[in-house]
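Asks: Let me begin by handing over the structure; questions about it come next.
Every number in this text was worked out from the coordinates using simple rules, so none of it is lab data. No experiment lies behind these values; they were computed from the predicted model shown. Quick reminder, even Gly has a Cβ in these numbers, built from the backbone with ideal geometry, and neighbours come from all protein chains shown.
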């Protein structure tokens with residue numbers, strides 16, 4: 001599969017985990033939770049714990065890198081730049097997954113969200129590997145032109161031709177313009 005055919009798939013895989021990670025149900029201090037952390041109506045919302053705020057910041061950072069990959073795909077960037085973007089994205093996503101594993105219970109992250117992110121990370125890692133392998137191979141040489149394949153070189157008419165000196169017209173023959181004699 002060529003790199004440019006895999007990039008749209010990668011963009012889809014990069015964006016999918018964010019739909020799941022946005023569903024941090026019951027996170028303390030988030031809208032729709034009571035002071036005890038139970039979803040519903042009640043007193044004024046509390047601020048989320050610091051670890052949960054860091055988790056949200058990591059999610060936003062990972063999402064920022066994912067959006068950068070999407071924009072790069074739209075601009076048809078070279079594979080070297082796509083590889084660099086994938087490395088940044090995968091590093092941020094790895095950090096985000098580790099933080100979710102450590103703080104899922106504290107921040108009310110459902111276990112299926114972590115599983116979805118892990119699956120997406122595995123797929124994105126595979127595509128990132130393919131993109132970086134293509135980048136390591138370097139740019140592909142241009143395909144040969146028809147004149148290269150035929151062993152000829154393209155030539156243009158010479159301006160030193162005798163008929164072009166006189167401004168050749170429709171009435172020119174091999175011996176010159178019959179009307180100008």
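Asks: In which sequence would 90, 146 go, from the one with the fewest C-beta neighbours within 10 Å to the one with the most?
Replies: Placing the least packed residue first, the sequence is 146, 90.
Asks: Can you put 96, 86 in order of Cβ neighbours within 10 angstrom, beginning with the fewest?
Replies: The fewest-first ordering by Cβ neighbours comes to 96, 86.
Asks: Going by how many other beta carbons lie within 10 Å of each one, how would you line up 61, 101, fewest first?
Replies: Result, fewest neighbours first: 101, 61.
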